[in-house]
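Since the structure comes first, as structure tokens, the remarks are kept for the end.
The values are calculated or read from the model by the stated rules, or taken from the named source; none is laboratory data. This structure is a prediction, so every number in the text was calculated from the model and none was measured. For neighbour counting, all protein chains shown are included, and Cβ atoms are generated from backbone atoms with ideal geometry for every residue, glycine included.
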């Protein structure tokens, strides 16, 4: 799953919208918090009623298990109230351990809060004493602050609690035949204020949690850019060193190479002149000194030809090195992408232990406006990776062509391929499959950054055992 960008995650206030949880990573955080809240609510639901009963029995010395008149019904209601709350607490603990429990956890806890308020209110009505009922309801509503609710969710729970109080106080005694009770305005106002306070605090806590997550994304994005910049600096330093080395080698080899090439040509012309003189002589015999001279001249001719061929090879390598380094081309310019491919293939190290065939399928493409040295760096990294992906024998196919306004370069190999769980990481700075001390993990990351800076695209498709195809698209015009 691709990490969300900060642009997609706007900063949230206490009126956080549902859009926040569309991010699956943040939703996972909410689910973990909800699971913890379910455990906390379960522990509270199990322990508080038990502590209340123990306090009545041993501290206040009240008989709560006497069910005869006049207090029997009230005791029964009180025990039913506490047992109901304990059962809901146990249910919350059990559901928190299930896979789907946290998904419905906020709804479950909301139901527990409203049910606990109803049970507490019925107990107080049975006793005919509402003096502490409002306080209990307010305390139960504050439990919602332990749950990652948005403001409107907490406000909805508060409205349900107020509705239970406002409707239950006059209706329940009339239905069951208890002593009538009256809803006092100050009680309702107090509960409304508590509900509003809980809603605002819950919204602030939820928004703070979301903004903390957003800040972590900002930090992660900054660290990622820093790593990419460091990788680019390291690779740029390596390429600069390579360029200086190439320039030095080219300069040091080019001078003696010129002497060798010149002497070889001069020797070839001199031998040819002597040969013509000997051929024009009337003595055609191959025996004696004349024959020895002709054989020696033939040997010198063969050696001179081999020397010329070797010097030409060295000269082509030097030109390829210069073309690859492009030390004098630091600015944007139009280049022929095929020249860069040819130079890279020419200077590519040989692998005697491998039998690799490089196939070039060049199409008709216009010049590309780019930084030539950086483009050659991309080509080198892609071909190098393809070579390393082939164990012993295989084929690397380098193709070019057009797709609309894009110049397309593709490098395909029939090597070992890339597993699905690795493909999402190959462009990350520092990631390497070559082992510690072997790979730096900068190759494809640098390629991605260079292509992106040129306004292009780079894609990778691979299947284990079937090979890999890397496609680079660059704009045909600057």
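Restricting attention to region 397-417, does a residue exist that is modelled with pLDDT under 90 and surrounded by 21 or more Cβ atoms within 10 Å (Cβ to Cβ)?
yes
Being surrounded by 15 or more Cβ atoms within 10 Å (Cβ to Cβ) and either more than 11 Å from residue 214 (Cβ to Cβ) or at pLDDT 75 or above (or both) is the filter here, so list the residues in region 17-30 that pass it.
Of everything in region 17-30, those that are surrounded by 15 or more Cβ atoms within 10 Å (Cβ to Cβ) and either more than 11 Å from residue 214 (Cβ to Cβ) or at pLDDT 75 or above (or both) turn out to be 21, 23, 26, 29, 30.
Please find, within region 129-156, the residue that is nearest to residue 187 (Cα to Cα) out of those that are assigned to a loop (DSSP other than H, G, I, E, B) and touching a residue at least 40 places away in the same chain (Cβ under 8 Å).
Within region 129-156, the match that is nearest to residue 187 (Cα to Cα) is 130.
Is it the case that region 96-113 has a residue that's more than 44 Å from the chain's Cα centre (by Cα), crowded, with 19+ Cβ neighbours inside 10 Å and not in a loop (DSSP other than H, G, I, E, B)?
no
Return only the number of the condition from (1) at pLDDT 80 or above; (2) surrounded by 15 or more Cβ atoms within 10 Å (Cβ to Cβ) that residue 215 does not satisfy.
(2)
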